[in-house]
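What follows is one structure encoded as structure tokens, with my remarks underneath.
The values are calculated or read from the model by the stated rules, or taken from the named source; none is laboratory data. From a predicted model like this one, the values you see are computed outputs, not experimental measurements. We place every Cβ from the backbone using ideal geometry, glycine too, and count neighbours over all the protein chains shown.
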Amino acid sequence: MARVAKRKAAIAGVLMGMALSGPAAAQVAASVTLARDTTGSPAERAAAMLAQMTQAEKLTLLEGYFGTDFAPANFTMPPAAREGSAGYVPGIPRLGIPPQWQTDAGLGVASQGGAKQKRAATALPSGPATAATFDPELAYAGGRMIGREARAYGFNVMLGGAVNLLREPRNGRNFEYAGEDPLLAGAIVGAEIAGVQSNRVISTVKHYALNDQETDRGTGNFIIDEAAFRMSDLLTFELAIERGHPGSAMCAYNLVNGLHACESPFLLTDVLRRDWGWHGYVMSDWGAAHSTAASANAGLDQESGFGLQSDAWFGPDKLTAALAKGELDPARIDLMAGRILAAMFAHGLIDDPVTGTGAIDVAANQAVAQADAEAGIVLLKNDGNRLPIAAGAKRIAVIGGHADKGVISGGGSSQVYPDGENAVPGLKPTGWPGPVVFNPSSPLDALRKLLPGTRIDYASGDDPAAAAKLARGADLVIVFGTQWASESIDVPLHLDGAQDALIDTVAAANRNTVVVLQTGGPVLMPWAGKVPAIVEAWYPGRMGGAAIANILTGKINPSGHLPMTFPRSLDQLPYPGEPRKKEATYSEGATVGYKWFDAKGLSPQFPFGHGLSYTRFTYSDLAVTRTDAGVVATLTVTNSGERAGADAVQLYVSAPPDSGWEAPKRLAGFAKVVLWPGHSTRVSIAVDPRLLSVWDTSVPGWSRVPGGYTFSAAHSSRDLGKGVSIQLPAERLSPQWRP
Ligand code: GLC
């Protein structure tokens, strides 16, 4: 009891702004004991801790080091950092506060390109692959796996949770994100964040906000109408935060409506804290802070990475000077440090500190990556059921994509390095944002293992004539097409090099040609009409070769569905020429992806939500009811084919004519089901009321007009079943509304 009473006194002291008294020894003893005393909420424990801290100790928490020596900018990492990592914030040993060891990122434990020793880690498939599963449980499992590896390596902050909307199909970082729809992206990344944090480490939601392209990311001023912003990029972050409860958020490099994201009171205080009630701390992206008092007063809590080696905005000198000039209030310092401490308490960093000595179960982790990849591979086209590969296939030609060595991955800070070696070393760029890394999981080797009785030959594709000759002699041709994408660049909407021409040549040599794509996002397919089958495997991760082979042979029935629209041509995009530069007005607003294609009446190459199976699913008895808890849709899903399989059931909704919606319909919900042939299940999908509303700045808040709302079960955004309409009354929800 005495301990609890003491704690309450400590808290009371802090809350009353009193300083605790007592001899230094007792304070030292008291403070370390305090860190281990787990009574009280994270906020209360943080307040009690603050009362023990000197000003210098509070400032320690607000500035981070880069976790790697970085010669060009003369950065030298602190000895206590984990070499080759993203970041490090010193701890306060006398108080039992550990350092914050920060690692990238959302696809696995990354190593910086300049790392002396890369950490071998298990790469998940890319963000779009996990989004294509339409399965938050798989996303959670992937997050749990990479968070476990991060903890084993001694990291307690993972910079994953990247959830920028696929607004620009050429964005070089689309491979890190989860596609074009706020609900799907928010649900998938929210689950990933929760999975990471199940290991008692902090995960981060990023890059907040509107960092939807890499062109001019550091200086670009991206302009968007607030209502559209609230119903697109911000709704995506809102849904991810509600589902994942990230301990931290990373503000982005770019400006939003004229203010740096890390200096925006609207983003960092009004939306994140006042409207969404989020209790974490905001860290800057690496070099994204541009001021001391303006950033701190806007809601930035910690400057990341480059800080202490250069003219640090949140270094002790600048913060102390700002306090002395009255630009910063001491209470603001307590607020900033308190948020960081509360997150550290909330996510176990203090109570269950990392040791860096954890074991990694490589086989189990690779199985998680493979299951994610297999569920995310999308069968886009399969005329004449060319796939799965017939058991009796005698000769198969495999061509291109370094398929004899491995599978491609994306570049930049999220780069995960596999156990073993880069399967295809030396590809340019070898320096930042490279190197180009292929995971050592060869589709060719995997196919040969699964088809021992089949002759399978390989040609690199470097010599198209030789490839065509090999193709002519085969029963079936599998040609791989790759597109390398990366942080810090945007990429053309096509395969790299002369691969389109290679596919043309091979398809002309043998009409039984299957194309397997490994891309960071959508690509144009000028050859789509010349081949009977197309598979999108994304960046399939550490076990990608095995996953691709299992899908092609039918060992696994494909169940992925597109989390993004594949355009037929550039002129279908809101901004056909090239990614917007400098001062970019996103005039399309919330009309992103399939919403744009619907609103403009455009026919895509492949629509959002599209994905074929080796079996067939049918939907029936759709019913939509309004309950006290909101609108719920139920329907029966039946596997009407011959094989077991999984299906991503989609529910779309259309509003009355005067609704003010940004597009004819929205994704209102989804569910992933697994069924044996001939079996059925009843699915229930609850609809978030914000998806039936528009953001009305005059309220402000969410506003639904009364009238008939039509719900449809669908296999894709362009393959909807018969709609069911219900009358819904007007409804208003405050910005603080939570499910
Ligand atoms: C990078 C990225 C960010 C990453 C950070 C640390 O510039 O924008 O996603 O987490 O720096 O590497």
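Every residue, every condition in (1) hydroxyl-bearing (Ser, Thr, Tyr); (2) modelled with pLDDT under 95; (3) more than 18 Å from residue 185 (Cβ to Cβ), yes or no:
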residue	(1), (2), (3)
241	no, no, no
253	yes, no, yes
260	no, no, yes
265	no, no, yes
280	no, no, yes
284	yes, no, yes
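Given 595, 665, which one is crowded, with 20+ Cβ neighbours inside 10 Å and within 23 Å of the chain's Cα centre (by Cα)? Sole residue among the options that is crowded, with 20+ Cβ neighbours inside 10 Å and within 23 Å of the chain's Cα centre (by Cα): 595.
The single condition among (1) more than 28 Å from residue 513 (Cα to Cα); (2) of a type in the set (Ser, Thr, Tyr); (3) within 16 Å of the ligand (Cβ to nearest atom) that residue 409 does not satisfy is (1). If only residues of the stretch 132-154 that are of a type in the set (A, V, I, L, M, F, W, C) and farther than 11 Å from residue 203 by Cβ are counted, the one that is farthest from the ligand (Cβ to nearest atom) is 134. Where helices (runs of 4 or more DSSP H) fall wholly inside the stretch 161-248, no range has 1 or more residues that are assigned by TED's automatic domain parsing to the domain that holds residue 695 and either more than 15 Å from the ligand (Cβ to nearest atom) or touching a residue at least 40 places away in the same chain (Cβ under 8 Å) (or both). Which members of the stretch 252-299 meet the condition of being in contact with a Cys (Cβ under 9 Å, 6 or more places away or on another chain), of a type in the set (Ser, Thr, Tyr) and not in a helix (DSSP H, G or I)? Residues satisfying the conditions are 253, 264, 284, 291. When we screen 476, 495 for residues that are surrounded by 20 or more Cβ atoms within 10 Å (Cβ to Cβ) and under 18 Å from residue 566 (Cα atoms), the only hit is 495. In the stretch 203-216, what residues are more than 29 Å from residue 344 (Cβ to Cβ) and crowded, with 23+ Cβ neighbours inside 10 Å? Within the stretch 203-216, 212, 213, 214 meet the criteria. One residue stands out in the stretch 99-122 among those that are of a type outside the set (Lys, Arg) and more than 16 Å from the ligand (Cβ to nearest atom): the one that is surrounded by the fewest Cβ atoms within 10 Å (Cβ to Cβ), namely 117. In the stretch 83-98, the qualifying residues are those that are buried (at least 24 other Cβ atoms within 10 Å of the Cβ) and more than 26 Å from residue 191 (Cα to Cα), and the one that is farthest from the ligand (Cβ to nearest atom) is 97.
Selection of the stretch 495-539 for residues being assigned to a loop (DSSP other than H, G, I, E, B) and either of a type in the set (D, E, K, R) or closer than 19 Å to residue 443 by Cα (or both) yields 495, 496, 511, 512, 519, 520, 537, 538, 539. When the residues of the stretch 483-500 are filtered to those that are in contact with a helix residue (DSSP H, G or I) (Cβ under 7 Å, 6 or more places away or on another chain) and more than 16 Å from the ligand (Cβ to nearest atom), the one that is nearest to residue 549 (Cα to Cα) is 494. Look at the stretch 553-566: where a residue is in contact (Cβ under 8 Å) with a residue 40 or more places away in the chain and a partner is basic (Lys, Arg) and in a loop (DSSP other than H, G, I, E, B), sitting 6+ places away or on another chain with Cβ atoms under 9 Å, you get 554/643; 557/643.
Listed here are the residues, each with its yes/no results for (1) over 24 Å from the mean Cα position of the chain (by Cα); (2) without any contact (Cβ under 8 Å) to a residue 60 or more places away in the chain; (3) in a helix (DSSP H, G or I); (4) assigned by TED's automatic domain parsing to the domain that holds residue 459.
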| residue | (1), (2), (3), (4) |
| --- | --- |
| 359 | yes, no, no, no |
| 372 | no, no, yes, yes |
| 380 | no, no, no, yes |
| 397 | yes, no, no, yes |
| 428 | yes, yes, no, yes |
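Within the span defined as the stretch 57-65, every residue fails to be part of a loop (DSSP other than H, G, I, E, B) and at pLDDT below 90. The numbered conditions (1) modelled with pLDDT under 95; (2) more than 16 Å from the ligand (Cβ to nearest atom); (3) assigned to a helix (DSSP H, G or I) are all true for residue 308 except (2).
Checking the structure you have, find out if any residue of the stretch 161-178 is modelled with pLDDT of 95 or more, out of contact with any strand residue (DSSP E or B) (no Cβ under 6 Å at 6 or more places or on another chain), under 21 Å from residue 544 (Cβ atoms) and surrounded by fewer than 24 Cβ atoms within 10 Å (Cβ to Cβ). The answer is no; no qualifying residue exists.
Taking the conditions exactly as written (within 16 Å of the ligand (Cβ to nearest atom) and either surrounded by fewer than 21 Cβ atoms within 10 Å (Cβ to Cβ) or farther than 25 Å from residue 555 by Cβ (or both)), does residue 421 satisfy them or not? In short, no. Does residue 415 satisfy being under 33 Å from the mean Cα position of the chain (by Cα), away from the ligand (no atom under 16 Å from the Cβ) and either over 26 Å from residue 110 (Cα atoms) or not aromatic (Phe, Trp, Tyr) (or both)? Judged against the criteria, residue 415 is not a match.
State yes or no: is residue 323 more than 16 Å from the ligand (Cβ to nearest atom) and either touching a Pro at 6+ places or on another chain (Cβ under 7 Å) or in a strand (DSSP E or B) (or both)? Considered against the rule, which asks whether it is more than 16 Å from the ligand (Cβ to nearest atom) and either touching a Pro at 6+ places or on another chain (Cβ under 7 Å) or in a strand (DSSP E or B) (or both), residue 323 comes out as yes.
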